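Some notes on the structure that comes next.
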Amino acid sequence: MFPSLDKNILFGLLKRDDLQVEEEIVAWDCLIKWGIEQTPGLGNKNSDRTKWNNENFEALKKTLNQFIPLIRFVGISSGSFFDKVQPYKAIIPHYIYEELEEFYCKKALSRTTILLPRRRQSRSLMSAIIKFRLANAISKWTDKNDLVTHSNDNKCKFNLIYSMSRDGSNGRTFYNKCNGQGPFVVLIRVQSNKIYGGYNPIGCTGGNKWLSSTESFIFSFENNQNIYNMKFGRVINSAYSVYDSSNYFFSFGDILYINGRNLNIGYNNGHYENIFGEKKILNIEEIEVFSVVKE
């Protein structure tokens, strides 16, 4: 059991640059659970931090003092930080917490940062929208494998080339980032946390015209946790596979396209399999584009 792990083994694990955790917040959660179990006066009988006094927090701080600097906080999203890290502010060294506040405020590290960089990943996927298991499903679809599997044999490398939160929501910027990058996958997360997307096997050319392909597809996931409720549809009318513009965002037929900060779905004249049902206009939270490199 992890809570009874020897402290020297735990220290060695957290110190590794190649420790494979899907998200750094998982490492933080495990460390907190381990610390509570190892701290006198806490444990299973006193694990609710909302009922702790100052001495309880000080005791936990003493237990975890050497481990907290090993957490790669820069790999934790702002939402997870405020939900799961900030409540334990009292146990985090002051000099670390000050830099964390600056990092999450400015979205950038100072040149003299003391925070450790992100861990190296065996599979390259820097996404705030999806996790590896969803990327594996998309990878298989690009190889025309429509079966749902749970293996991790991802045969594609996904390189992040555009992020709305990082690069802005201008269509021209989108084009400049994607132009010349080859085939790409578009991911859109809406306010409900549902994920929509599509695969453009041709890429951007700036021709302001419809591109023809028999390999493009569209998809959706209910959330970023699993692939059980995913939907997937291939192009039907290849002449209207993807609209290529140098000034606007993408359009997969007329069933999936962006208008301002809204995502329009379901406007289908038979260009794609209609996996989205009725017509909807949804508010966009984030867009990411990954170039797809077959390995």
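The values are calculated or read from the model by the stated rules, or taken from the named source; none is laboratory data. If you're wondering where the values come from, they're calculated on a predicted model, not measured in any experiment. Using ideal geometry, Cβ is built from the backbone for each residue, glycine included, and neighbour counts are taken over all protein chains shown.
Residue-by-condition table, conditions (1) of a type in the set (S, T, N, Q); (2) buried (at least 20 other Cβ atoms within 10 Å of the Cβ); (3) in contact with a strand residue (DSSP E or B) (Cβ under 6 Å, 6 or more places away or on another chain); (4) at pLDDT 90 or above:
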| site | (1), (2), (3), (4) |
| --- | --- |
| T205 | yes, no, yes, no |
| N226 | yes, no, no, no |
| V242 | no, yes, yes, yes |
| G260 | no, no, no, no |
| Y272 | no, yes, yes, yes |
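Has region 64-75 got at least one residue that is closer than 27 Å to A128 by Cα, exposed (fewer than 12 other Cβ atoms within 10 Å of the Cβ), out of contact with any strand residue (DSSP E or B) (no Cβ under 7 Å at 6 or more places or on another chain) and of a type in the set (D, E, K, R)? Break it down into steps so the answer makes sense when it comes.
Going residue by residue through region 64-75, those that are closer than 27 Å to A128 by Cα are 67-75.
Next, from what is left, pick out any that are exposed (fewer than 12 other Cβ atoms within 10 Å of the Cβ): none.
No - not one qualifying residue is present in region 64-75.
Can you name every residue in region 207-220 that is more than 19 Å from P183 (Cβ to Cβ) and at pLDDT below 90? I'd like the intermediate steps shown before the answer.
Step one: filter region 207-220 for residues more than 19 Å from P183 (Cβ to Cβ), giving 208, 220.
Listed by number, the list holds a single entry, N208.
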Confirm whether S213 is in contact (Cβ under 8 Å) with a residue 24 or more places away in the chain and buried (at least 16 other Cβ atoms within 10 Å of the Cβ).
yes
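From the set of residues in region 228-240 that are among the aromatic types (F, W, Y) and at pLDDT below 90, which is surrounded by the most Cβ atoms within 10 Å (Cβ to Cβ)?
Filtering region 228-240 down to residues among the aromatic types (F, W, Y) leaves 228, 232, 240.
If we keep only those that are at pLDDT below 90 too, we end up with 228, 232.
Details: Y228: 8, F232: 17.
The extreme case among them is F232.
Please tell me if V242 is free of Cβ contacts under 8 Å to residues at least 60 places away in the same chain, under 26 Å from the mean Cα position of the chain (by Cα) and closer than 18 Å to N179 by Cβ. Don't jump to the end; show me each part of the working.
Values: free of Cβ contacts under 8 Å to residues at least 60 places away in the same chain: yes; under 26 Å from the mean Cα position of the chain (by Cα): yes; closer than 18 Å to N179 by Cβ: yes.
So V242 fits the description; yes.
Condition check ((1) over 27 Å from E286 (Cβ atoms); (2) of a type outside the set (V, I, T)) across all residues:
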{"residue": "K61", "(1), (2)": "yes, yes"}
{"residue": "N65", "(1), (2)": "yes, yes"}
{"residue": "I68", "(1), (2)": "yes, no"}
{"residue": "V74", "(1), (2)": "no, no"}
{"residue": "S77", "(1), (2)": "no, yes"}
{"residue": "S80", "(1), (2)": "no, yes"}
{"residue": "V85", "(1), (2)": "no, no"}
{"residue": "Y95", "(1), (2)": "yes, yes"}
{"residue": "L100", "(1), (2)": "no, yes"}
Which of the numbered conditions does I9 fail, given that it passes all the others? Conditions: (1) among the hydrophobic types (A, V, I, L, M, F, W, C); (2) at pLDDT 90 or above; (3) closer than 19 Å to V85 by Cα.
(3)
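Output the residues belonging to region 277-290 that are in contact with a strand residue (DSSP E or B) (Cβ under 8 Å, 6 or more places away or on another chain) and surrounded by fewer than 20 Cβ atoms within 10 Å (Cβ to Cβ). First the steps, then the outcome.
Of all residues in region 277-290, those in contact with a strand residue (DSSP E or B) (Cβ under 8 Å, 6 or more places away or on another chain) come to 279-290.
Within region 277-290, K279, K280, I281, L282, N283, I284, E285, E286 qualify.
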I need every pair where a residue in region 256-278 that is in the same structural domain as Q191 (by TED's automatic domain parsing) and among the acidic types (D, E) has its Cβ under 9 Å from the Cβ of a residue that is in a loop (DSSP other than H, G, I, E, B) and surrounded by fewer than 18 Cβ atoms within 10 Å (Cβ to Cβ), sequence separation at least 6 or different chains.
E273/I236; E278/G266
